[in-house]
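Everything below concerns the one structure shown next.
The values are calculated or read from the model by the stated rules, or taken from the named source; none is laboratory data. This structure is a prediction, so every number in the text was calculated from the model and none was measured. Here Cβ is always computed from backbone atoms with ideal geometry, including for glycine, and neighbour counts include all displayed protein chains. With ligands, DNA and RNA removed, areas are computed over all heavy atoms of the protein, side chains included. Shrake-Rupley method; radii C 1.70, N 1.55, O 1.52, S 1.80 Å.
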Amino acid sequence: MEYKEQIARDDQTYEQFMKNLEATYPFERMMSRYRCAMMEIETKFNVLNEEYSLLFDRQPINSIKTRLKDPASIIKKIRKLGKPLTLKSMEENLHDVAGIRVVCSFVADVYTLAEALLKQDDITLIQRKDYIANPKENGYRSLHLIVEVPIFLEREKRIMKAEVQLRTIAMDSWASLEHQLRYKKETLFNEQMMQELRTCADLSAELDAKMNDLKSQVEHQSPQKQ
Ligand code: 0O2
């Protein structure tokens with residue numbers, strides 16, 4: 001009764017409120033499935049990190065961040081693609097509703113971890129974009145994988161898509177700063193500013209290459225555990 005009165009005070013009838021709530025349920029359920037897919041993949045990376053730390057006495061993963069695309073960005077992207085605004089269409093056309101970003105210590109770790117994930121028999125690769133081998137025009141570097149992963153619910157198994165971005169600490173700091181400066185904003189970068197961004201990206205790539213070389217030298221000195 002109290003509940004109904006509160007809703008009435010908020011200018012909606014109890015029936016209206018329940019109708020609105022029921023209407024959002026399928027969306028909430030879908031987002032919950034994407035959250036489960038993120039948890040599955042995050043766990044897979046945590047397991048790999050644990051395994052590698054035993055094998056090599058160091059952890060290849062520096063941090064893992066997960067994010068669900070917010071409803072406004074979902075709507076914007078579906079509209080941009082010219083697809084129908086339905087849950088089915090979202091599931092079919094958007095590959096990055098669930099996003100997992102894995103920040104690695106060294107460039108070699110990016111590829112080792114990607115390979116280890118893709119070798120798992122419940123993971124299906126849908127798309128691979130190597131922006132490390134082929135950086136974007138502004139200098140952006142990362143390895144992007146669109147994968148499918150099963151999630152096991154109370155009564156069914158669902159196959160969900162997720163985007164995995166793997167990058168080094170240097171790539172991540174460049175991307176975070178560049179994101180703050182311009183990504184998705186109206187800021188227009190002139191050619192000189194673009195050149196400076198690319199120079200920063202090149203410097204970070206150089207740092208990664210040097211650290212990777214040092215890592216190889218260290219590994220050469222101390223053979224790995226059996
Ligand atoms: P957010 O906030 O991370 O969710 P798309 O942009 O997804 O429509 P595409 O080509 O399929 O088109 O995707 P792409 O370029 O392979 O990867 C998109 C995601 O990569 C972005 O997600 C960013 O997270 C990241 N990314 C791509 N390019 C850049 C860049 O130039 N700078 C930075 N900082 N990040 C980039 P969202 O959804 O756009 O953003």
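For this structure, a couple of remarks:
- Rounded tilt (10° steps) of 169-181 against the dominant C-alpha axis of the chain: 50
- The radius of gyration of the Cα set in the range 24-120, together with its Dmax, comes out at 16.3, 50 angstrom.
- Near Leu143: Cβ cut-off under 13 Å, other residues only, Lys/Arg at +1 and Asp/Glu at -1. The net charge is 0.
- Listed peptides 76-85, 171-180, 205-214 by packing density, highest first (mean Cβ within 10 Å): 171-180, 205-214, 76-85
- In degrees, nearest ten, helix 191-221 long axis to first principal axis of the chain (Cα): 60
- For the range 14-221, fraction of C-alpha pairs farther apart than 21 Å, in %: 61
- Converting phi to 3J(HN,Hα) with the Karplus coefficients 6.51, -1.76 and 1.60 and the offset θ = phi - 60°, the range 158-165 yields 10, 9, 10, 9, 8, 9, 10, 10 Hz in sequence order, with x at every glycine or proline.
- Close amide H pairs (under 5 Å, H built 1.01 Å from N) link Met160 with Val149, Ile151, residues at least 5 positions away or on another chain.
- Ranked packing of 133-145, 33-45, most packed first, by mean Cβ within 10 Å: 33-45, 133-145
- Residues of the range 14-221: accessible area per residue with a 1.4 Å probe, Å²: 60
- Seen against the Cα atoms of the chain and their longest principal axis, helix 71-81 is set at about 80 degrees.
- Pairs of Cα atoms nearer than 8 Å and 6+ residues apart set the relative contact order; for the chain it is 19 percent.
- Neighbourhood net charge (14 Å Cβ-Cβ; Lys/Arg +1, Asp/Glu -1) for Ala162: +3
- Local electrostatic count at Pro84 - Lys and Arg +1, Asp and Glu -1, tallied over other residues with Cβ under 15 Å: +4
- Couplings 3J(HN,Hα) of the range 131-148, computed from phi: 7, 8, 5, 10, x, 5, 4, 7, x, 4, 10, 4, 9, 10, 10, 9, 10, 10 Hz, in residue order, whole Hz [Karplus 6.51 cos²θ - 1.76 cosθ + 1.60, θ = phi - 60°; x for Gly and Pro].
- Cross-link pairs exceeding 25 Å between alpha carbons, from the set Lys76/Lys157; Lys44/Lys80; Lys76/Lys136; Lys65/Lys161: Lys76/Lys157; Lys44/Lys80.
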